[in-house]
Amino acid sequence: MAAYGGGRLQIPNSKFGKYRGGSLQLHWAKCAGTEWCLLDKVDLTAVNDFGVFVVWRPGDSTRAPAVLYVGNGSLRHEIAECRRDPVLAAAEGLRITWAEVDPRDVAGVAVYLYQQLRPLWGEVPQPVPARPVNLPLQA
């Protein structure tokens, strides 16, 4: 496991998730034990491979949580790009999670996440059939 601030970054043992009931069960990354990772604090040297990720603003007493972006591709590169984005970089306290996905499935998983989470920003995914997965904010 790679270090993350005062805690440890939890990387699942299996590379890709397993199918259960027609849905691909992904292993969504968390930091500092069971806490969701902060976008600006994730150690990108611990993020490898290809997959999908979700960036969101957590809710509080004055506003509801909101999914801001769903991304896919080379995780280290794409997450670094999000950090450089002026809109996302200006916001404090954004959370992120990611899951490694077989490159053959990543487009369908991205479509499903986009349809289900309805992010405020981002590119519309490729026109491929959606591949159902367990949603990260319910993990």
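Annotations for the structure displayed:
- Residues located in region 29-85, provided they are among the β-branched types (Val, Ile, Thr) and either at positive phi or out of contact with any Ser or Thr (no Cβ under 8 Å at 6 or more places or on another chain) (or both): Thr34, Val42, Thr45, Val47, Val52, Val55, Thr62, Val67, Val70, Ile79
- Scanning region 92-139 for residues that are closer than 19 Å to Leu68 by Cα and among the basic types (Lys, Arg) yields Arg95, Arg118.
- Identity of the residue in region 80-92, in contact with a strand residue (DSSP E or B) (Cβ under 7 Å, 6 or more places away or on another chain) and in contact (Cβ under 8 Å) with a residue 40 or more places away in the chain, that ends up surrounded by the fewest Cβ atoms within 10 Å (Cβ to Cβ): Leu88
- Any hit, region 108-125, residues being without any contact (Cβ under 8 Å) to a residue 12 or more places away in the chain and either crowded, with 17+ Cβ neighbours inside 10 Å or in a helix (DSSP H, G or I) (or both): no
- Filter result for Leu137 (out of contact with any Ser or Thr (no Cβ under 6 Å at 6 or more places or on another chain), at pLDDT 95 or above and either among the aliphatic types (A, V, I, L, M) or in a loop (DSSP other than H, G, I, E, B) (or both)): no
The values are calculated or read from the model by the stated rules, or taken from the named source; none is laboratory data. Owing to the predicted nature of the structure, the values given are computational and were not obtained by experimental measurement. Methodologically, a virtual Cβ is constructed for each residue, glycine included, from the backbone with ideal geometry; neighbour enumeration extends over all protein chains shown.
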